Amino acid sequence: MEENLLNLKNKAIESIRLSKSKEEVNQLRIKYLGKKGEITSILKTLGSLQAEERASLGKLINQIKNEVEEFINKRFEEIDEEVYEKIKETEWIDITAPGKSILRGRLHPITQIQYEIEDIFKSMGFSIFEGPELEDDYHNFEALNIPFDHPARDMQDTFWLENDYLLRTHTSSVQIRTLETLKPPLQGISPGRVFRYEATDASHENTFYQVEGLMVGKDISVANLIYVMKVLLKEIFKKEVKIRLRPGFFPFVEPGFELDINCLICNGKGCSVCKHTGWVELLPCGLVHPNVLKMQGIDTEKYSGFAFGLGLNRLVMMRYGIDDIRHFLSSDLRFLEQF
Ligand code: DAH
């Protein structure tokens, strides 16, 4: 009998030792120590034994019961420990590790320079005027002194839409929208997106950005234009920049100019950027053509004005030495993250 009991104990302990989960251990507890468990059942048979034998066997069984019980509790703790070790291996979190850096958005380089230019002009008392990208023939061409059959229309390859609508080919259309709504004296700039139906290459895009400028008032002359341009360039390039005006033709200005700046790479000595001329073409401008003012009912005896059109892509390219205009709309983070 005693031997049987010891075998039973060893069997119980061995199976508990091999158990893998708490449920399994619980099953074994029921199997051996439950009301109908193997060890409990033996305890129940003691009644039929002699008093002496009953006492010694009873003691032994209780001892075995306690041992098994203890072993079960120990196994529970071990299983907890094993589960914890496993979690540590697979889901370990190092709370002292530095966090992953969050990807931060930033302003597109064109937007950055646009905001800079807006600030420069605001400081000179200019307003910001906006106009639609979807334009009509009248505002984009006709009211700018570019009649239907004028050869200047060939200068701008246009995306035509239905009903004579078009994607504006320049921000000069906002000059007209401004003159329609405000009375001189007025001064403002209009930054925005423009579109040309062009084959793209390193220096041509079908979508690019301009800032149009317009000032109309009494006695506005080329001197005012030059002064404003000089302030603008000094602020943008952070130094005094020499400029020169060459004649240029645009139907909505008279006289019209191409404004060149002294090459900032070689300081005017001549280099590959300025094609060894010492000058870089920067922006077209001029005095607003009287026809444009008259069409908006402005008395040209009393008022005159200047206008200019600054290409933003070109300006950013010059500032950072970017060699391909197509980078701007490429959405390539390797490019954009540099600004
Ligand atoms: N709108 C012209 C273009 O996109 C640029 C331009 C030239 C604007 C002369 C002006 C100007 O305001 O006076 O080609």
Checklist entry - For E162 and S123 in one chain, what is 0.36 nm times their gap in residues minus the Cα-Cα distance, to one decimal in nm? => result 10.0 nm
Checklist entry - Given springs between every Cα pair under 10 Å in a Gaussian network model of the chain, which of S221, S173, S15 has the largest fluctuation? => result S15
Item to check | Shape of the stretch 1-135, Cα gyration tensor, a/c cut at 1.5 | outcome: prolate
Checklist entry - Which of the helices in the chain, when you take each full DSSP H run, stretch at least 20 Å along the axis at their Cα atoms and have an average Kyte-Doolittle score of -1.0 or higher? => result 2-18, 109-123, 222-237
Checklist outcome for this item: Full extension between L6 and F339 adds, at 0.36 nm per residue less the Cα distance, a length in nm of 111.8 nm
Checklist entry - What number, in nm² with one decimal, is the all-direction average of the projected area of the convex hull of the alpha-carbon atoms of the stretch 99-168? => result 8.7
Checklist entry - Which shape class applies to the stretch 109-336: rounded if a/c is under 1.5, otherwise prolate when a/b exceeds b/c and oblate if not, where a ≥ b ≥ c are the square roots of the Cα gyration tensor eigenvalues? => result oblate
Checklist outcome for this item: Rounded to the nearest Å, the spacing of the alpha-carbon centers of the stretch 164-206 and the stretch 318-337 is 23
Checklist entry - Tell me, in nm to one decimal, what length is gained between K36 and I265 on full extension, where the rule is 0.36 nm per residue of separation less the Cα-Cα distance? => result 72.7 nm
Item to check | Dipole magnitude of the stretch 152-293, debye to nearest 20 (Cβ charges: Lys/Arg +1, Asp/Glu -1, about Cα centre) | outcome: 700
Checklist entry - Simple spin-label model, 7 Å along Cα-to-Cβ: L134 to D323 in nm? => result 4.0
Item to check | Rounded FRET efficiency, nearest 0.05, which uses the C-beta distance separating S330 from D94 and R0 of 25 Å | outcome: 0.05
Checklist entry - If you put +1 on each Lys and Arg Cβ and -1 on each Asp and Glu Cβ, how big is the dipole of the chain around its Cα centre, in Debye rounded to 20? => result 1040
Checklist entry - If you roll a 1.4 Å probe over the stretch 2-90 with all protein chains in place, what percent of the accessible area is carbon or sulfur? => result 51
Checklist entry - What are the residues whose amide H is under 5 Å from the amide H of T158, where those residues sit 5 or more places off or on another chain and H is modelled from the backbone? => result Y197
Checklist entry - Which distance in nm do the two modelled labels at R17 and L103 give, with both placed 7 Å along the Cα-to-Cβ direction? => result 5.6
Item to check | Gyration tensor (alpha-carbon) shape descriptor, the stretch 185-293, a/c threshold 1.5 | outcome: oblate
Checklist outcome for this item: Computed over the chain, protein heavy atoms only, probe 1.4 angstrom, the accessible area per residue in square angstrom equals 59
Checklist entry - Roughly speaking, to the nearest percent, how much of the stretch 109-336's 1.4 Å accessible area is carbon and sulfur? => result 51
Next on the checklist: Given the whole protein assembly as supplied and a 1.4 Å probe, what does the accessible area of L43 come to in Å², nearest 10?
Outcome noted: 50
Checklist outcome for this item: With only helices counted (DSSP H, runs n ≥ 4, each -39500 (n - 2.57)), the per-residue ellipticity at 222 nm for the chain, to the nearest 500, works out to -13500 deg cm²/dmol
Item to check | Lys/Arg +1, Asp/Glu -1 at C-beta; the chain dipole; positive extreme among H327, S41, T171 | outcome: S41
Next on the checklist: I'd like the accessible area for K238, computed on protein heavy atoms only with a 1.4 Å probe and all protein chains in place. Round to 10 Å², please.
Outcome noted: 150
Next on the checklist: I'd like the distance between the alpha-carbon centres of the stretch 41-61 and the stretch 91-128, rounded to an integer number of Å.
Outcome noted: 86
Checklist entry - When all protein chains stay in place, what accessible area (Å², nearest 10, 1.4 Å probe) is found for E85? => result 80
Checklist entry - Under the Cβ-under-4.7 Å rule, which cysteines of the chain stay unpaired? => result C285
Checklist entry - Where does each of 251-261, 92-102 land if you order them by average Cβ count within 10 Å, highest first? => result 251-261, 92-102
Item to check | Listed residues V222, V288 arranged by accessible area, highest first, probe 1.4 Å | outcome: V222, V288
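The values are calculated or read from the model by the stated rules, or taken from the named source; none is laboratory data. Predicted, not measured: the structure shown is a model, and the values here were computed from it. Ideal geometry is used to build each Cβ from the backbone, glycine not excepted, and the neighbour counts take in all protein chains shown. Side chains are part of the model used for accessible areas, which takes the heavy atoms of the whole protein and leaves out ligands, DNA and RNA. Shrake-Rupley method; radii C 1.70, N 1.55, O 1.52, S 1.80 Å.
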